[in-house]
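Asks: The structure follows.
The values are calculated or read from the model by the stated rules, or taken from the named source; none is laboratory data. Everything numeric here is computed off the predicted structure, so don't read it as measured data. Methodologically, a virtual Cβ is constructed for each residue, glycine included, from the backbone with ideal geometry; neighbour enumeration extends over all protein chains shown.
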Amino acid sequence: MIIHEFSKKMVRSKIFDTYVATVFFAMLVFFVLNMNSFTPLEIIFSVMIATIAFKGIANIMFALTISFVTFDKLDDAMEFEKAAGRVETLANELSIKQVALKEAKHKTN
């Protein structure tokens, strides 16, 4: 659940899309400045292939970022909170039973 929320926040941040767009425009600027060396078909295909390649690299970076981020501390904290809640519930039930037993003793005396 935590990893799902983290990945949704990363997707919403659009950092990887910005990375791909930057590469796209950098490639365009490169080919415009070196227009005399390349044919228009080479420019179009090179920009398309580079954009697709960098989109793939961005997806790999996204996957690695999610896999390298550890949420062990948060998971441990959540488990501790659950266990603490269960212990408190059991303690409350025990105190209720003790009060009920005391009441039953007082009624019989």
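Asks: Which residue is modelled with the highest pLDDT, if the candidates are limited to segment 1-32 and must be among the aromatic types (Phe, Trp, Tyr) and within 23 Å of the chain's Cα centre (by Cα)?
Replies: Pass one, segment 1-32, residues among the aromatic types (Phe, Trp, Tyr): 6, 16, 19, 24-25, 30-31.
Next, from what is left, pick out any that are within 23 Å of the chain's Cα centre (by Cα): 6, 16, 19.
Details: Phe6: 74, Phe16: 82, Tyr19: 85.
The qualifying residue modelled with the highest pLDDT is Tyr19.
Asks: Tell me the residue from Ile96, Ile66, Ile44, Ile60 that is of a type in the set (Val, Ile, Thr) and in contact with a helix residue (DSSP H, G or I) (Cβ under 6 Å, 6 or more places away or on another chain), please. Show your work before the answer.
Replies: Values: Ile96 fails: in contact with a helix residue (DSSP H, G or I) (Cβ under 6 Å, 6 or more places away or on another chain); Ile44 fails: in contact with a helix residue (DSSP H, G or I) (Cβ under 6 Å, 6 or more places away or on another chain); Ile60 fails: in contact with a helix residue (DSSP H, G or I) (Cβ under 6 Å, 6 or more places away or on another chain).
Unique residue meeting the criteria: Ile66.
Asks: Scan segment 64-76 for residues that are surrounded by 11 or more Cβ atoms within 10 Å (Cβ to Cβ) and either of a type in the set (S, T, N, Q) or assigned to a helix (DSSP H, G or I) (or both) and report the count.
Replies: Qualifying residue count, segment 64-76: 4.
Asks: How do the pairs read when you match residues in segment 85-102 that are surrounded by 10 or more Cβ atoms within 10 Å (Cβ to Cβ) with residues anywhere that are not hydroxyl-bearing (Ser, Thr, Tyr), using Cβ under 6 Å and keeping only pairs 6 or more apart or on different chains?
Replies: none
Asks: Another question, if that's okay. For segment 27-44, name all the residues that are surrounded by fewer than 12 Cβ atoms within 10 Å (Cβ to Cβ) and assigned to a helix (DSSP H, G or I). Break it down stepwise before answering.
Replies: Within segment 27-44, the first condition is being surrounded by fewer than 12 Cβ atoms within 10 Å (Cβ to Cβ), and the residues that meet it are 29, 32-37, 39-42.
Those that are surrounded by fewer than 12 Cβ atoms within 10 Å (Cβ to Cβ) and assigned to a helix (DSSP H, G or I): Val29, Val32, Leu33, Met35, Asn36, Ser37, Pro40, Leu41, Glu42.
Asks: Among the candidates Phe24, Phe16, which residue alone is among the hydrophobic types (A, V, I, L, M, F, W, C), more than 30 Å from Glu79 (Cα to Cα) and touching a residue at least 40 places away in the same chain (Cβ under 8 Å)? If you could, list the steps in order and put the result at the bottom.
Replies: Details: Phe24 fails: touching a residue at least 40 places away in the same chain (Cβ under 8 Å).
Going through Phe24, Phe16 in turn, the sole match is Phe16.
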